[in-house]
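Quick one: the structure is below, questions incoming.
The values are calculated or read from the model by the stated rules, or taken from the named source; none is laboratory data. The structure displayed is predicted, hence computed values, not measured ones. Positions of Cβ are backbone-derived with ideal geometry, glycine not excepted, and every protein chain shown enters the neighbour counts.
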Amino acid sequence: MQPSALRQRTRVDPERSCLNLVANFRSRHMPLTPTTPPAQTPPLVWTRSHLGELSAANRVVVDAAAQLIKAGARTTLMPALQAWPPTHVVELFVHLPLKRARVLFRWLDPEQARVIAELDDTFRDVLLADATVERLVHVIDALEPEEAAAALAQLPKALRKRVLPLLQGHTTITELASFEAESAASIMSPKFVVVPPDWTVGQTIEEIRAHAHTIGRLYAVYVVDAERRPLGYLRLRDLLLQPDTERVGDMMHTDFIAVGPDTDQEEVARIAERYELSVVPVVDRVGRLIGRITPQRLEQVIRDEAAEDMKRMSGLPRDARPDESIGRIVRGRVPWLLLGLAGATLSAAVVGAFEDQLARAAILATFIPIVMSSAGNAGIQASTVAVQGLSTGTVTFDDLGWRLGKELLAALANGAIAAGVLMALVLFMAQWVEVGNPVRLALTAGLALTTVITLAVAVGATIPLVLDRLGIDPAMATGVFITTGNDIMAVAVFFLMVSLIYL
């Protein structure tokens, strides 16, 4: 970060050293009180920038705001922020350190606190963790019903019971919360626009204008029958380009694609991507329209599922968060570490079983980390591609045959290249290090490396598809499981080659 005026160092006057010592003593041993902010404070004006980028001018503003928060200068900072548009306040929250953002959130008045509704779900949950009931009610009331239900789900059960009755839309939120977690119904918005097929374009536009304050963002108008079963839909461009006298039933699109309330949100994202849907309608078990999944929620689902897969691939629980307590971190991670320890112990046991071979040729030990790391890397690469293909719907269990064949051919080629490099290194080092029968050792190491890479790729490409077929999250196949399994397999294959060829 660029240093701001608040972070510039001042030169200490030697004649006031005694006073400085007293001040230091007081700051360490007296109760902490808010300090006066520096006199030279940069103007707190946020400039427009590209999404996700922090300009040099805004970086200075972030530094200045963080220093004011640290100094407890609420009366200096808050009047400046009141003149900001809500989007600029949201950007400031995103770029502030988390502990400063939490303090700023406590400083906001109830109306200002509504800007938190525009933040990412995970970041918002972190800020709300220590909020009072009154503040929670104000913030959650600013959310869409589906977002409010998701935010409530992150609160402790006792606090949830206190907050829910105080919300304006508590009936709708309660209904959404009753659906299974991560289902289509749990993330849908109950707000949508429907018209009968005998309405005209003019009637439809007039009705939309009359209820503009409650509709919010409009992506499509659904044409339904008397029992609210969808017959088709209209895009906004259809309403703008057609005459006012045209009947919506004559111009509606009938290629209607919807999902059921129990459809998993990951499957909803796949359907939206496959059919290029910006909005996904949700119908109940008898085909009546009950909601829609907006583009914002679809994007959030994709981000959440990607983050969940990354955590599983790293051996972390799916609900791991950056603000967790030490106890929760330990409980969430230690099982996976112990599982990895068990796998490493098995690998060590396999190495110990070939103690005689190591005693006869100690140089063999130098190849153990080579084959283990190569197998682990090859397996992770293949499994990651498989998990990604499953998550996007481009790979299924039916593709296992041709996919495995393609991966094996590529693995043989990659293994052969890596083996050639390793064999050349062995023969090169043999010119300076005494090695018994270097040609045979190079051949053994090369064949072993090619074999373990090929087997590791076969396992990595197959296991995710099999797990997905069995209804188990395929991301579980990566990380600890494949790495540990491949380590054991690599050591066993290497010493088997040593026994057959080298010794």
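Being assigned to a helix (DSSP H, G or I), surrounded by 23 or more Cβ atoms within 10 Å (Cβ to Cβ) and in contact with an Asp or Glu (Cβ under 7 Å, 6 or more places away or on another chain): is that true of V457 here? Explain how you work it out, then say what you get.
Values: assigned to a helix (DSSP H, G or I): yes; surrounded by 23 or more Cβ atoms within 10 Å (Cβ to Cβ): yes; in contact with an Asp or Glu (Cβ under 7 Å, 6 or more places away or on another chain): yes.
Against the criterion (assigned to a helix (DSSP H, G or I), surrounded by 23 or more Cβ atoms within 10 Å (Cβ to Cβ) and in contact with an Asp or Glu (Cβ under 7 Å, 6 or more places away or on another chain)), V457 qualifies.
Could you tell me whether any residue of region 422-431 is assigned to a loop (DSSP other than H, G, I, E, B) and without any contact (Cβ under 8 Å) to a residue 24 or more places away in the chain?
Checked against the condition, which is being assigned to a loop (DSSP other than H, G, I, E, B) and without any contact (Cβ under 8 Å) to a residue 24 or more places away in the chain, region 422-431 yields at least one hit.
For every residue, the table says whether it meets (1) out of contact with any Lys or Arg (no Cβ under 7 Å at 6 or more places or on another chain); (2) of a type outside the set (V, I, T); (3) within 30 Å of V301 (Cα to Cα).
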| site | (1), (2), (3) |
| --- | --- |
| V350 | yes, no, no |
| I363 | yes, no, no |
| T366 | yes, no, no |
| A382 | yes, yes, yes |
| G389 | yes, yes, yes |
| L409 | yes, yes, no |
| L412 | yes, yes, no |
| V421 | yes, no, no |
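Yes or no: P369 out of contact with any strand residue (DSSP E or B) (no Cβ under 8 Å at 6 or more places or on another chain), closer than 19 Å to T450 by Cα, part of a helix (DSSP H, G or I) and in the same structural domain as I482 (by TED's automatic domain parsing)? Working first, answer last.
Working: out of contact with any strand residue (DSSP E or B) (no Cβ under 8 Å at 6 or more places or on another chain): yes; closer than 19 Å to T450 by Cα: yes; part of a helix (DSSP H, G or I): yes; in the same structural domain as I482 (by TED's automatic domain parsing): yes.
In short, yes.
I need a count of the residues in region 228-260 that are assigned to a loop (DSSP other than H, G, I, E, B) and either touching a strand residue (DSSP E or B) at 6+ places or on another chain (Cβ under 6 Å) or farther than 28 Å from E182 by Cα (or both).
Residues in region 228-260 being assigned to a loop (DSSP other than H, G, I, E, B) and either touching a strand residue (DSSP E or B) at 6+ places or on another chain (Cβ under 6 Å) or farther than 28 Å from E182 by Cα (or both): 10 in total.
Quick one: which of D304, D238, D264 is farther than 30 Å from Q388 by Cβ, surrounded by 13 or more Cβ atoms within 10 Å (Cβ to Cβ) and at pLDDT below 90?
D238
Related question: Mind telling me which of the residues L159, L176, L164 ends up being in contact with a His (Cβ under 7 Å, 6 or more places away or on another chain), part of a helix (DSSP H, G or I), in contact (Cβ under 8 Å) with a residue 12 or more places away in the chain and aliphatic (A, V, I, L, M)?
Answer to the check: L164.
Go through region 63-156 and tell me which helices (runs of 4 or more DSSP H), entirely inside it, have 2 or more residues that are at pLDDT 80 or above and basic (K, R).
98-107
A further question on this structure: What about G420, is it of a type in the set (G, A, S) and either touching a Phe, Trp or Tyr at 6+ places or on another chain (Cβ under 7 Å) or within 30 Å of L467 (Cα to Cα) (or both)?
So G420 does not fit the description; no.
Sticking with this one: What number of residues within region 179-188 satisfy the criterion of being among the acidic types (D, E) and in a helix (DSSP H, G or I)? First the steps, then the outcome.
Within region 179-188, the subset among the acidic types (D, E) is 180, 182.
Checking which are in a helix (DSSP H, G or I) leaves us with none.
Residues flagged as among the acidic types (D, E) and in a helix (DSSP H, G or I) within region 179-188 amount to 0.
Related question: Taking only pairs six or more apart or across chains, which ones have beta-carbon atoms under 6 Å, a first residue in region 196-215 that is in the same structural domain as L239 (by TED's automatic domain parsing), and a second residue that is surrounded by 12 or more Cβ atoms within 10 Å (Cβ to Cβ) and among the acidic types (D, E)?
That search, which allows pairs on different chains as well, returns V201/D244; V201/E246; G202/D244.
Then there is this: Of the numbered conditions (1) under 13 Å from V282 (Cα atoms); (2) assigned to a helix (DSSP H, G or I); (3) modelled with pLDDT of 90 or more, Y222 satisfies every one except a single condition; which is it?
With respect to (1) under 13 Å from V282 (Cα atoms); (2) assigned to a helix (DSSP H, G or I); (3) modelled with pLDDT of 90 or more, Y222 is out only on (2).
Which ones in region 200-213 are modelled with pLDDT of 85 or more and surrounded by fewer than 17 Cβ atoms within 10 Å (Cβ to Cβ)?
Once the filter is applied, which keeps residues that are modelled with pLDDT of 85 or more and surrounded by fewer than 17 Cβ atoms within 10 Å (Cβ to Cβ), region 200-213 yields G202, Q203, I205, E206, E207, I208, R209, A210.
Okay, next question. Restricting region 160-184 to residues that are surrounded by fewer than 16 Cβ atoms within 10 Å (Cβ to Cβ) and of a type in the set (A, V, I, L, M, F, W, C), which is farthest from R297 (Cα to Cα)?
Only one residue fits best here, namely L166.
Something else: Working only within region 237-253, note down all residues that are out of contact with any helix residue (DSSP H, G or I) (no Cβ under 7 Å at 6 or more places or on another chain) and either within 22 Å of T294 (Cβ to Cβ) or not assigned by TED's automatic domain parsing to the domain that holds I205 (or both).
The answer is R237, L240, M252, H253.
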